[in-house]
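Structure, as structure tokens:
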Amino acid sequence: MSEIIELIELPPKETAMQVFTDTCKLDEILKIVREKVVGTVYDMNKRKDREACASDAYKVARSKAALEKLGAAVSAELKELPKKVDAGRRYLKDGLEAIQAEVRAPLDEWEAAETARVERHKAGIEWFRLRADENRDLDSTELRASIEEVSARVVDETWEEFEAEAHRMKARALDSLTQALAAREKYEAEQAELAELRRKQAEQEQKDREAEIARQAAEKAKADAEAKAQAEREAAAKREAEAKAAAEKAERDRIEAIERQRQAEARAEAERLAAEQRAKDAAEAARKAELARQQREREEAEAEQRRREADQQHRIKIMGEAKQAFMSMNITEELARAIVLKIVRGEVPNVTINF
């Protein structure tokens, strides 16, 4: 159903997309609007004509808003269409994937079992390989245990197509471990012989160190006795010198104490006179500071009064100019003054006067 808005008749929502996508039909709408409002001659000196001009412009704005609202509704419906298609695609994809998984389930189960069987045999062969290659740091006891462990592991038809490879890797592991055991036993025997030689050498070195320690102890005891006697002689001489120095210092301290007392009395008198002068100076400085403060306060008050008066005159001038601007638009002085005051008080949104 069509709707008439101001200057035009809106197309029905069902056919609106054909209108918005056809420049010819859009030009027809513009032509209708233009014929109804463009070409009228207004006399701006007459209030009636001014109001008629504003009314025609408002009608165009109303028509524009109605068309934009209708176009936005059509656009919103078109934007929802891809979402509906994507939802259908996802639903279909999920269903087909479920059917695919159901059909392939037996094959997946067989493949998983086959993979597990092959991996089990490969793991067994890898176990033999590790025993063949990773024996470098084992001692003879560990190597014998590893040989027994490899020998005990059975390789038969249960290894299926991997039986030949398993036999080969088991033989390789036993051969490698046997060679490593022979080399390790030889090495351990050599190390035992070297350890015995080092033990005997250490015993002899310990005896030599003990004999040297005894000799050094005897020499040190003799030297300590001589040093002690020399220290006692030097201590006696030091005590005598210290006693003499202490007596001389006591006399110097007595003379210095008398001199310090005399200097302290002189400083005390000088400080008393200086304190009296500082008190006089402080009182005079305080008196001058108070006079200067009172003078600054008077000057600041006078400057503030002049600033307020100048600001008031400036605001009156700016507001007067704004009032005259409104009056130039055929507004009465009283109304112009009221508008300016509302702007200054912040009662007109988004409008300010810069002072």
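The values are calculated or read from the model by the stated rules, or taken from the named source; none is laboratory data. Computed from a prediction, not measured in an experiment: that's the story for all the values here. Note: ideal-geometry Cβ built from the backbone for every residue, glycine included; neighbour counts use all protein chains shown.
So, Glu188, is that one part of a helix (DSSP H, G or I), surrounded by fewer than 12 Cβ atoms within 10 Å (Cβ to Cβ) and over 57 Å from the mean Cα position of the chain (by Cα) or not?
No, not satisfied.
Considering segment 339-355 alone, what residues qualify as being among the hydrophobic types (A, V, I, L, M, F, W, C) and under 46 Å from the mean Cα position of the chain (by Cα)? Give the steps one after another, and end with the answer.
To start, the set of residues in segment 339-355 that are among the hydrophobic types (A, V, I, L, M, F, W, C) comprises 339-341, 343-344, 348, 351, 353, 355.
Passing the criteria: Val348, Val351, Ile353, Phe355.
Taking the options Glu80, Glu9, Glu3, name whichever one is at pLDDT 80 or above, over 30 Å from Met329 (Cα atoms) and of a type outside the set (Ser, Thr, Tyr). Selected residue: Glu9, the only one of Glu80, Glu9, Glu3 that is at pLDDT 80 or above, over 30 Å from Met329 (Cα atoms) and of a type outside the set (Ser, Thr, Tyr). State whether the residues of segment 41-64 include one that is of a type in the set (Val, Ile, Thr) and loosely packed, with under 10 Cβ neighbours inside 10 Å. So far as segment 41-64 goes, yes, one or more of its residues are of a type in the set (Val, Ile, Thr) and loosely packed, with under 10 Cβ neighbours inside 10 Å.
If a residue must be free of Cβ contacts under 8 Å to residues at least 40 places away in the same chain and more than 30 Å from Glu188 (Cβ to Cβ), how many such residues does segment 119-130 contain?
So the count comes out to 3.
Note on segment 36-82: residues that are part of a helix (DSSP H, G or I) and of a type in the set (S, T, N, Q) amount to 3.
A residue that is more than 30 Å from Met17 (Cβ to Cβ), surrounded by 14 or more Cβ atoms within 10 Å (Cβ to Cβ) and out of contact with any Gly (no Cβ under 6 Å at 6 or more places or on another chain) occurs nowhere in segment 88-98. Residues in segment 131-159 that are closer than 22 Å to Tyr187 by Cβ and out of contact with any helix residue (DSSP H, G or I) (no Cβ under 8 Å at 6 or more places or on another chain) were compared, and the one that is surrounded by the fewest Cβ atoms within 10 Å (Cβ to Cβ) is Asp137. Looking across segment 342-355, the residues that are free of Cβ contacts under 8 Å to residues at least 12 places away in the same chain and either of a type in the set (A, V, I, L, M, F, W, C) or in a helix (DSSP H, G or I) (or both) come down to Lys342, Val348, Val351. Within segment 12-40, the residues that satisfy the criterion of being more than 14 Å from Glu77 (Cβ to Cβ) and touching a residue at least 24 places away in the same chain (Cβ under 8 Å) are Ile29, Ile32, Val33, Lys36, Val37. Of all positions in segment 321-331, at least one carries a residue that is surrounded by 10 or more Cβ atoms within 10 Å (Cβ to Cβ), outside the structural domain of Met44 (by TED's automatic domain parsing) and part of a loop (DSSP other than H, G, I, E, B).
For segment 147-163, filtering for residues that are of a type in the set (Val, Ile, Thr) and assigned to a helix (DSSP H, G or I) leaves 3. Residues that are at pLDDT 85 or above and either among the small types (Gly, Ala, Ser) or touching a Leu at 6+ places or on another chain (Cβ under 9 Å) (or both) do not occur anywhere in segment 311-318. Listed by first and then second residue, the pairs with beta-carbon distance under 6 Å, at least 6 apart or on different chains, first residue in segment 298-314 and surrounded by fewer than 10 Cβ atoms within 10 Å (Cβ to Cβ), second part of a helix (DSSP H, G or I), form an empty list.
Within segment 13-31, being surrounded by 14 or more Cβ atoms within 10 Å (Cβ to Cβ) and aliphatic (A, V, I, L, M) holds for Ala16, Met17, Val19, Ile29.
Cβ-Cβ below 7 Å, separation at least six or inter-chain, first residue in segment 98-117 and not assigned by TED's automatic domain parsing to the domain that holds Phe162, second at pLDDT 75 or above: which pairs? No pair meets every condition. On the given criteria, is Ala286 within 30 Å of Asn45 (Cβ to Cβ), part of a helix (DSSP H, G or I) and of a type in the set (Gly, Ala, Ser)? In short, no.
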